[in-house]
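Since every read-out is calculated from the coordinates, none of them should be taken as a lab result. Computed from a predicted model, the values in this text were never measured in an experiment. Here the Cβ positions follow ideal geometry from the backbone for every residue, glycine too, while neighbour counts run over all protein chains shown.
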Amino acid sequence: MQARRVAQGRVAEGESRAVVQAPAFERKIHPPGDAARWLPGLARPLVFTNGVFDILHRGHVTYLARARAMGEALVVALNSDASSRALGKGDDRPLNALQDRLALVAALECVDAVTWFEDETPAALVAALGPDVLVKGGDWPVEKIVGAAGVLARGGRVASIPFEHQRSTTALLAKIRGL
């Protein structure tokens, strides 16, 4: 029984009592200021995208899977809570705190690393990480994607991934609040 719990990552080897370890996906969550430490461990070409990802839905996960398919590793940067509020989506947004949103996105198989940014845009983070591919959802024309000029100047690609499922957190919240 103990060997099975060790193999499943639920206890540390050699422990006689159950010691709960953090789920493996939490190792994908990285502070932006430590990029020099975690970035070299990611395969290239590196894909970068960002967003709030407040209430994860099918549109989000399909988009992230498509983004990951454009390279060998996917970094997702989330707007901090303050940065999310600055987007004007509502005084009560985000509904999920940053730490919860980071964990949900990190738990996705297609995501290799998750970080965050405090500014209104991820421009500084895009410049620091130097992705080979920069992507946003279909509502973003390529020429308006923050960081596009720098990625293109380094010989990278910038893409706007078309929506496959017409979903939105704002519409979902309106539906819930209308019940």
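Assorted remarks:
- Here the chain is treated with +1 on each Lys and Arg Cβ and -1 on each Asp and Glu Cβ, and its dipole about the Cα centre works out to around 460 debye.
- One chain, two ends: Ala43 and Glu26. Fully extended at 0.36 nm per residue, the span grows by 4.2 nm beyond their Cα-Cα distance.
- Once the C-beta distance of Ile176 and Trp140 is scaled by a Förster radius of 30 Å, the resulting FRET efficiency is 0.70 to the nearest 0.05.
- Rough spin-label spacing in nm, given labels placed 7 Å along Cα→Cβ, for Ala65 and Leu87: 2.2
- 19 Å reach of a label modelled at Ser168, 7 Å along Cα-to-Cβ, counting backbone N of the stretch 59-102: 59-64, 79, 84-96
- When Rg and Dmax of the Cα atoms in Å is calculated for this entry, the matching label among [x] 26.7, 105; [y] 17.8, 58; [z] 37.8, 135 is [y].
- Taking Lys and Arg as +1 and Asp and Glu as -1, the other residues whose beta-carbon sits under 15 Å from that of Leu152 total +2.
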